[in-house]
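Shown next, in structure tokens, is the structure this report addresses.
Read-outs throughout are calculated quantities, based only on the coordinates presented, and are distinct from any laboratory measurement. These figures come from a predicted structure and were not determined experimentally. Because the Cβ atoms are built from the backbone with ideal geometry, glycine has one as well, and the counts that use them run over all protein chains shown.
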Amino acid sequence: MPRILSTLVVAVLASFAVAAEPKVKIGTKIDDLRFKDIRFVARSLKDLGDKKAYVFVFVESSCPLVAKYMPALSRLESTYRDKGVQFVAVNSGPNDTVSVMANQAVEHGAEFPFVKDIDCKVADILGVTRTPEVAVLDGKRILRYRGRIDDQYRPGGQRAKPSRNDLVEAIDELLAGKEINTSTTPVDGCVIARPLDKGDKPVTYADHVAPILSKHCNTCHKPNTAAPFCLQTFEQARAKARTVSEVVSEGRMPPWFAPKREGDLIQHHSLSLAERETIVAWTKSGLARGDDSKLPKPAEEKPAKWLIGEPNMVQTTPPFELPTEGDIPYKYVILPHVFTHDTWVTGVQILPSVPKAVHHANLATFKLGEAFKESNFITGFVPGGEPMTVDAGIAYRIPKGSSLGIQIHYVTTGKAEKVTLSVGLRYASGKIDRQMKHTLFVDTKYSIPAAAPAHPVKVTRTLTHDIEGIGLFAHMHVRGKAMSFIAHTPDGKSERLLDIPNFSFDWQIPYRWEPGKKILPKGTRIECIALYDNSPFNPFNPDATKIVKDGPQTYQEMMNGFMFYIDANEKLGMEIDGKTGGVKGK
């Protein structure tokens with residue numbers, strides 16, 4: 001019996017030894033790695049350029065050891081950046097979207113690239129099994145080190161300081177042209193988990209997928225919109241199922257760039273984890289149709305042309321002859337109508353005749369003899385934007401004696417175009433108690449250094465009265481990486497109002513608070529912090545060798561943050577004539 005037990009013990013220990021043997025050995029040549037960056041662009045190892053070393057740190061948003069090591073990783077990256085070492089954070093968390101991944105970098109102030117490891121293929125190629133495990137390649141893409149950062153933090157506690165700096169020693173030995181003395185080290189941390197099999201429960205279009213598409217997708221994916229295809233029927237959804245599955249699993253669609261934080265009161269429009277998993281499961285399980293009788297009822301269609309409803313007034317710019325190519329300086333157009341009385345509106349929309357020929361347009365009130373002022377801003381037309389609309393009892397005032405002025409940024413389309421812009425106004429009607437206002441966070445004096453991966457520009461405003469927040473909005477150009485709004489209240493507390501960690505030049509979205517919920521007291525100091533990526537790794541960067549300053553063209557930059565609000569204590573008590581937009585009796 002003892003001999004049998006001894007044999008069993010030896011066999012069990014042998015099986016553990018075999019299981020623990022890494023499948024990817026030190027010294028392995030890594031031909032390529034493929035991942036997605038924070039802009040959802042497919043990238044590869046080659047996109048990192050020629051470096052002396054590549055340090056891949058595996059992360060996920062829910063691993064506590066990753067959070068603890070972020071300050072140390074930022075210090076190390078800063079130390080070794082100019083020595084030819086490229087740090088990359090590789091997110092292999094199965095439930096982390098690209099925006100969640102990008103937000104981890106913003107919250108911890110990490111400047112090095114964060115990339116998404118779809119299906120954990122990068123982890124498999126490098127033989128990594130945990131976060132925050134590290135894999136180091138030399139300049140020839142040979143795996144030279146794999147293991148921990150150091151031994152300071154463990155799941156059960158921590159040292160005051162590490163007794164051994166494993167990663168530092170490995171990098172230093174590599175840069176010195178030496179063999180790495182300790183090429184593998186044990187790693188404490190979170191196991192890199194694969195998405196779980198949800199079982200054999202059937203997923204069908206009618207029962208499970210159509211309600212998600214109806215709620216989140218079909219307002220855009222229908223005829224005569226900017227969306228590239230329709231998702232109104234089973235046949236349409238089946239034809240694009242693989243594409244839809246990919247973009248929703250990454251969090252790329254529906255376009256939304258603000259990860260949800262508990263208690264933030266933003267009206268979020270992203271898919272939940274369960275909704276994303278449902279669409280992916282439907283694609284993987286055979287695209288079953290289900291019972292058509294269970295399909296959701298079609299939503300009531302909004303007017304195709306005017307999203308604000310039928311306007312009371314429409315003004316149109318003279319036609320602009322667009323050339324086939326080249327940069328076009330900003331154009332300024334003053335519309336001819338002069339408002340003879342204060343005019344209160346609840347909806348304003350800019351409608352280009354050729355939307356793709358207008359990158360953006362800003363509408364503001366204007367008086368003869370004045371310069372165009374961003375402080376008089378009403379609304380804009382931007383990629384992914386929405387027209388200005390407000391809730392009941394709120395309106396925007398166009399002052400007596402004003403006209404409307406439009407600042408227009410035309411872009412060429414490859415062919416000659418004749419373009420006009422129409423401005424529609426929907427008047428307020430009935431009782432109005434509060435006036436919508438905005439605070440603009442703008443800086444024009446910054447200078448973004450060449451190759452800077454996350455250059456900060458900060459603007460601060462202090463509230464002069466109690467406010468009820470309506471929403472926030474960010475505008476930057478192609479080097480814009482992230483924008484955050486942080487409130488510091490008079491009682492000494494701080495709150496992140498909004499993080500847009502992977503700003504999209506193509507989807508500039510307003511972020512609205514739940515109506516009446518977000519109150520900020522007088523004296524609150526609000527910081528708007530923009531980050532700019534002028535590095536070679538930014539796939540949309542026109543030239544990483546150039547210093548970038550403020551300017552109107554997309555190869556220059558802008559720093560515009562907006563906060564829309566109302567005075568929390570205002571009680572106007574006005575009755576508005578819905579036919580004129582003016583106050584009744586005046």
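Quick rundown of the values:
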quantity: Ranked ASP506, ASP37, criterion: other C-beta atoms within 10 Å, fewest first; calculated: ASP506, ASP37
quantity: Taking the chain and dividing mean pair separation by its residue count, relative contact order in percent (alpha carbons under 8 Å, at least six apart); calculated: 12
quantity: The stretch 517-538 versus the stretch 306-338: alpha-carbon centroid distance in Å; calculated: 31
quantity: Sequence-distant residues sharing a close amide H with VAL128 (under 5 Å, placed H); calculated: none
quantity: Helical segments meeting 18 Å axial Cα length and Kyte-Doolittle 1.0 threshold in the chain (DSSP H); calculated: 2-20
quantity: Mean Cα-pair separation over length for the stretch 26-106, i.e. relative contact order, pairs under 8 Å, 6 or more apart, %; calculated: 34
quantity: Gyration tensor (alpha-carbon) shape descriptor, the stretch 429-586, a/c threshold 1.5; calculated: prolate
quantity: Global geometry of the stretch 465-507, whether rounded, prolate or oblate, following the gyration tensor of its Cα atoms and the 1.5 cut on a/c; calculated: prolate
quantity: Cβ-based exposure ranking for TYR396, TYR330, in which fewest neighbours within 10 Å come first; calculated: TYR330, TYR396
quantity: Charge dipole magnitude, Cβ of K and R +1, D and E -1 - the stretch 71-121, Cα centre, debye nearest 20; calculated: 160
quantity: Hits among lysines - C-alpha to C-alpha of LYS215 under 18 Å, sequence gap 8 or more where chains match; calculated: LYS240, LYS294, LYS297, LYS302
quantity: Within the stretch 496-580, trypsin sites (Lys or Arg not before Pro) in DSSP loop having at most 10 other beta-carbon neighbours inside 10 Å; calculated: LYS571, LYS579
quantity: Unit charges at the beta carbon, dipole of the stretch 408-508: most positive-side option, ALA474, LEU497, TYR427; calculated: TYR427
quantity: Solitary cysteines of the chain, where the nearest other Cys Cβ is not under 4.7 Å; calculated: CYS120, CYS217, CYS220, CYS230, CYS528
quantity: Three-way shape call for the stretch 358-500 based on the alpha-carbon gyration tensor, with the a/c threshold at 1.5; calculated: oblate
quantity: Alpha-carbon Debye profile of the chain, log10 I(q)/I(0) at 0.06 Å⁻¹; calculated: -0.39
quantity: Cβ-based exposure ranking for ASP207, ASP491, in which fewest neighbours within 10 Å come first; calculated: ASP491, ASP207
quantity: When each of LYS116/LYS260; LYS367/LYS546; LYS23/LYS481; LYS83/LYS116; LYS36/LYS140 is checked by Cα-Cα distance, pairs over 27 Å; calculated: LYS367/LYS546; LYS23/LYS481
quantity: The stretch 205-294: relative contact order in percent, alpha carbon pairs under 8 Å with at least 6 residues between; calculated: 39
quantity: Given charges at Cβ of Lys, Arg, Asp, Glu: the stretch 205-294 dipole, positive-most of VAL244, ALA258, LEU213; calculated: VAL244
